[in-house]
Amino acid sequence: MKHDRCKWITTGLMVIMLVNTAELPAVGIQPAGDLVLAGRQAERTCVPLLLEFAADDCSYCALLEKEILNPTLLNRDYDQRVLMRKLVLDRGTRLRDFDGKAVYAADLAGRYRVSVTPTLLFVDRQGRELAERMVGVSTLDFYGDYLDQALDTAREKLREQTGCR
């Protein structure tokens, strides 16, 4: 009898944990499926488009996402500062580029001369770079500050080009 009660309590706790976990928002950078649409969305809100070039087997990419990029996505202030999209280079993923053409993520990386993962690009709706790219990760200590500086530079250049506020 006592064993049955423990079994029911354990089962109840597991159900509660599953329900609570299911309610948490999914955090992660959306894949770059259509850069034309992403560019338009970024332009409407007058924010730069951040492109993260990553690889599945890149431990630095996972670290950067876990420690910097995903927490940034949880901060609602960044909704008015940046739109992020991720391109995974070693999956053979196809996407629509800024010209509306189907292209492999690795080929788009080649166009931008991206050879290291992670690399962050800050671009406008046409894919033109707005700020100095961030290549690799040496230390996370100041990475968030460098990211903020790049976002500020990109947004200011975007405002100069388009007059948006």
Review point. What's the extension gain from ASP148 to VAL116 if we count 0.36 nm per residue and subtract their Cα-Cα distance?
Key: 9.4 nm
**Study point:** Cα-based Rg / Dmax (Å) for region 28-162
**Key:** 13.7, 39
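How do LYS86, LYS157, LYS101, LYS66 line up, fewest other C-beta atoms within 10 Å first?
Numbers: LYS86 20, LYS157 17, LYS101 9, LYS66 12.
Listing LYS86, LYS157, LYS101, LYS66 from fewest to most nearby Cβ atoms yields LYS101, LYS66, LYS157, LYS86.
Every number in this text was worked out from the coordinates using simple rules, so none of it is lab data. A quick note: this is a predicted structure, and the numbers were derived from the prediction, not measured. No Cβ is skipped: glycine too gets one built from the backbone with ideal geometry, and neighbour counts run over all protein chains shown.
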